[in-house]
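Engineer: One structure follows; several queries about it will come next.
The values are calculated or read from the model by the stated rules, or taken from the named source; none is laboratory data. Predicted, not measured: the structure shown is a model, and the values here were computed from it. Cβ coordinates were reconstructed from backbone atoms using ideal geometry, including for glycine residues, and neighbour counts include every protein chain displayed. For the accessible areas, the whole protein counts, side chains as well, though only heavy atoms, and no ligand, DNA or RNA atoms are used. Shrake-Rupley method; radii C 1.70, N 1.55, O 1.52, S 1.80 Å.
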Amino acid sequence: MSDNQAQFSVLKQTADPAVAEAIQHLIEEGKDHELNRINVLDFSRRTGLDEERVISGFLHASRLGLFDLTWNVLCPGCGGVLDAHSTLKSLRHDDYHCGLCACGYEASVDEQVEVAFTVSPRVRRIAAHDPNTLPLWDYFKQIFWSSGVDFNEESFAALSNDVVLDALELPAHEKAVLSLQLPPEFVIVFEPVTHAAQFIDVQGEPTKERQQLSLMYNKIQAPSGTMTLRPGPLRLSLDNQTDVRVLPSVFIAADALHHLIGKRKPFLTAKRMLTNQTFRDVFKADNLNIDQRLKITSLTFLFTDLKGSTALYERVGDLAAFDLVRAHFHALLEIISSEKGAVVKTIGDAVMATFIRPEHAIVAGLRIRAAMDALNAERGTGDLVVKIGIHEGPCLAVMLNERQDYFGQTVNIAARVQGLSTSQAIHITGPVIDAPAVAAILDRQAIKPIQKQAALRGIADKIVVYEIP
C-alpha cells in the first residue's frame with residue numbers, strides 16, 4: 001500500500017467516511033488549482049456534505065500530512081492575501097498594509113484571517129507549489145486573491161480583458177518599457193509579488209506628448225503614492241531589482257474592477273476555526289503563543305453548571321453520581337460540537353463553550369436542557385439539573401495554562417449570567433436576544449422570554465437579562 005493510500009485509510013477511520021472519500025477523490029482527480037487554498041465551505045456546498053464534518057475531515061487530513069493548513073491575512077477591501085502563515089502563532093500584532101487599497105488593517109480573526117488548505121507537495125505536486133512559475137493571471141487568482149473572492153471563468157476573463165490596460169512578467173534583475181494610452185480615469189500600477197502600487201490620477205486636457213513614469217521594484221516596501229497625469233500616451237519604465245520575477249499590471253480603477261473583485265463567497269475564518277472542537281482537540285500545539293492576544297469583535301459564550309452536584313454525591317453515592325455526571329458531560333460535548341461550538345474547558349461540573357453566532361448557542365442550550373430531561377426520565381430521577389447562561393460580545397483569544405482560552409468582560413458576564421439560574425431555566429443577555437435568528441428560534445418554539453434586571457457580582461451596573469423558561 002502506498003503512503004497516500006495508507007493515509008486515506010486512516011482518514012476514513014478518523015473522519016466522516018463520505019468526507020474522506022470526497023477528499024481522496026479531490027486529491028487524486030482534482031485540477032491543480034482546485035487543490036490550492038481550498039475553500040472548505042465552498043467544497044461543502046459543491047459536494048453537498050455537512051460543513052462541520054467537512055471542516056473536521058480536512059483538519060484530520062492535515063494532521064495526517066495530506067494538506068498544509070495556512071492562515072491568510074486578508075484585505076477587507078480587495079480580498080487580497082496580505083500575508084500567509086503556516087501557524088496562527090506567527091500572526092503579527094501590528095497592522096498589515098494593502099498596497100492596492102492603500103490602507104492598513106489590524107488582523108481581526110473575525111473576518112480578516114482565512115483558513116485554507118493546500119495539498120502537500122509530498123502527496124501531489126501542483127503548480128501553486130512553485131508560484132513564481134504560474135502564468136500572470138493564475139498568480140493573481142491562486143496566490144494574490146483569497147478563496148473568498150468569487151471569480152468564475154467569465155468574470156476573470158472580463159478582469160484581464162476589460163479592466164487591465166497592460167501587464168507583463170518581468171524576470172529578476174531585468175528592465176522593460178510599456179507604452180500605454182492613458183484614459184481619463186483613475187489608474188493603478190499594481191505588482192502582486194511585492195505588493196507595490198503606484199496610483200495615477202488621470203485628469204485634465206488630453207495630450208499627444210509622451211509622458212514618462214519610472215517604477216522600481218526592490219525589497220523595500222514603499223508606500224503607495226499618487227501622481228497626476230493627463231490622458232494620452234505614457235512611457236512606463238519598469239526596473240525589477242528583486243531576485244524573483246514581478247508581475248506589474250496596469251488596472252483601470254473604475255466600477256468594473258470594484259464589481260469583479262467585490263463579489264465574495266463565505267470562507268472559513270480563524271474565529272470559526274478557534275471555535276471548532278476538532279481543531280481544539282487535534283491541533284492543540286498550533287493555537288497561540290503565550291504572549292499573543294488576538295482581538296475578536298464578537299463571540300458567543302455558553303456556560304453551564306450542574307446544580308447541587310455536591311448534594312447529589314451525598315444522596316446517591318459516588319459511583320452512581322459519577323455515572324450521572326459522566327453521562328451529562330457526554331451529552332453536553334456532543335450537542336455543543338454538533339451546533340458548531342467548542343468546549344473551551346471544564347471546571348468541576350461546569351462547562352465553558354464558544355459559538356461563532358448566538359443562534360447556535362441558544363439551540364445548543366435548548367437541546368442540553370432537553371437532553372437532561374431525557375437522561376432524568378431514563379434513570380427515573382430528577383437529579384440532573386443544568387444551569388445555563390449565554391452572552392455575546394468582544395473578547396481576547398489568549399493562552400492560559402497551556403490551552404487556548406478567552407479573556408475579557410464578555411466572558412465574565414457570561415459566567416455570572418449562568419449563576420442566575422436556580423433551575424433548568426436558561427438566562428441570556430440583550431445582545432443574544434437581539435440577534436434576529438435567536439428571536440426567530442424562540443418564536444418558532446413559542447417561548448416567551450421573561451425580562452428582568454440583574455445585579456452580577458463584579459459588574460458595576462445592573463444589566464437586563466432574559467430568562468428562557
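Engineer: Mind checking which residues of region 407-420 are crowded, with 21+ Cβ neighbours inside 10 Å and either farther than 12 Å from Glu392 by Cβ or free of Cβ contacts under 8 Å to residues at least 12 places away in the same chain (or both)?
Structural biologist: Residues satisfying the conditions are Arg416, Gln418.
Engineer: Please verify whether Thr47 is open to solvent by 30 Å² or more (accessible area, probe 1.4 Å) and over 30 Å from Ala197 (Cα atoms), treating the condition exactly as stated.
Structural biologist: yes
Engineer: Give the number of residues within region 142-172 that are buried (at least 18 other Cβ atoms within 10 Å of the Cβ), farther than 24 Å from Ile38 by Cα and among the small types (Gly, Ala, Ser).
Structural biologist: Looking only at that region, the number is 1.
Engineer: With respect to Pro394, determine if the residue is touching a residue at least 12 places away in the same chain (Cβ under 8 Å) and loosely packed, with under 13 Cβ neighbours inside 10 Å.
Structural biologist: no
Engineer: In this structure, is Val109 within 15 Å of the chain's Cα centre (by Cα) and part of a loop (DSSP other than H, G, I, E, B)?
Structural biologist: yes
Engineer: Kindly check whether there is at least one residue in region 71-84 that is in contact with a helix residue (DSSP H, G or I) (Cβ under 7 Å, 6 or more places away or on another chain), more than 28 Å from Ser224 (Cα to Cα), of a type in the set (Phe, Trp, Tyr) and buried (at least 19 other Cβ atoms within 10 Å of the Cβ).
Structural biologist: Scanning region 71-84 turns up no residue that is in contact with a helix residue (DSSP H, G or I) (Cβ under 7 Å, 6 or more places away or on another chain), more than 28 Å from Ser224 (Cα to Cα), of a type in the set (Phe, Trp, Tyr) and buried (at least 19 other Cβ atoms within 10 Å of the Cβ).
Engineer: On to the next question. Restricting the first residue to region 71-85 and requiring it to be at positive phi, which pairs with a second residue that is aromatic (Phe, Trp, Tyr) and part of a strand (DSSP E or B) meet a Cβ separation below 8 Å and a spacing of at least six or different chains?
Structural biologist: Gly79/Trp145
Engineer: Now for a separate question. From Ile426, Ile441, which residue is open to solvent by less than 70 Å² (accessible area, probe 1.4 Å) and touching a strand residue (DSSP E or B) at 6+ places or on another chain (Cβ under 7 Å)?
Structural biologist: Ile426
Engineer: Let me ask another. Condition first: surrounded by fewer than 24 Cβ atoms within 10 Å (Cβ to Cβ) and either in a strand (DSSP E or B) or in contact (Cβ under 8 Å) with a residue 60 or more places away in the chain (or both). Now tell me which residues in region 347-367 satisfy that.
Structural biologist: Within region 347-367, Ile347, Ala350, Met352, Ile356, Arg357, Glu359, His360, Val363, Leu366 meet the criteria.
Engineer: Okay, next question. If only one of Asp94, Asp68 is charged (D, E, K, R), surrounded by fewer than 22 Cβ atoms within 10 Å (Cβ to Cβ) and modelled with pLDDT under 85, which one is it?
Structural biologist: Asp94
Engineer: Are there any pairs, at least 6 apart or on different chains, whose C-beta atoms fall under 7 Å, with the first in region 129-144 and closer than 18 Å to Trp71 by Cα and the second part of a helix (DSSP H, G or I) and among the aromatic types (Phe, Trp, Tyr), and if so, which?
Structural biologist: Pro131/Tyr139; Lys141/Phe156
Engineer: Here's something else I'd like to know. Being more than 27 Å from the chain's Cα centre (by Cα), open to solvent by 30 Å² or more (accessible area, probe 1.4 Å), at pLDDT below 95 and within 19 Å of Thr242 (Cα to Cα), is that true of even one residue in region 173-182?
Structural biologist: Looking for residues that are more than 27 Å from the chain's Cα centre (by Cα), open to solvent by 30 Å² or more (accessible area, probe 1.4 Å), at pLDDT below 95 and within 19 Å of Thr242 (Cα to Cα), one finds none in region 173-182, hence no.
Engineer: Among the strands (runs of 3 or more DSSP E) confined wholly to region 410-469, which include 3 or more residues that are within 22 Å of Thr354 (Cβ to Cβ)?
Structural biologist: Counting at least 3 such residues, we get 426-429, 463-468.
Engineer: Moving to a separate point now. Looking at region 293-309, which of the residues that are open to solvent by less than 10 Å² (accessible area, probe 1.4 Å) and β-branched (Val, Ile, Thr) is modelled with the lowest pLDDT?
Structural biologist: Ile296
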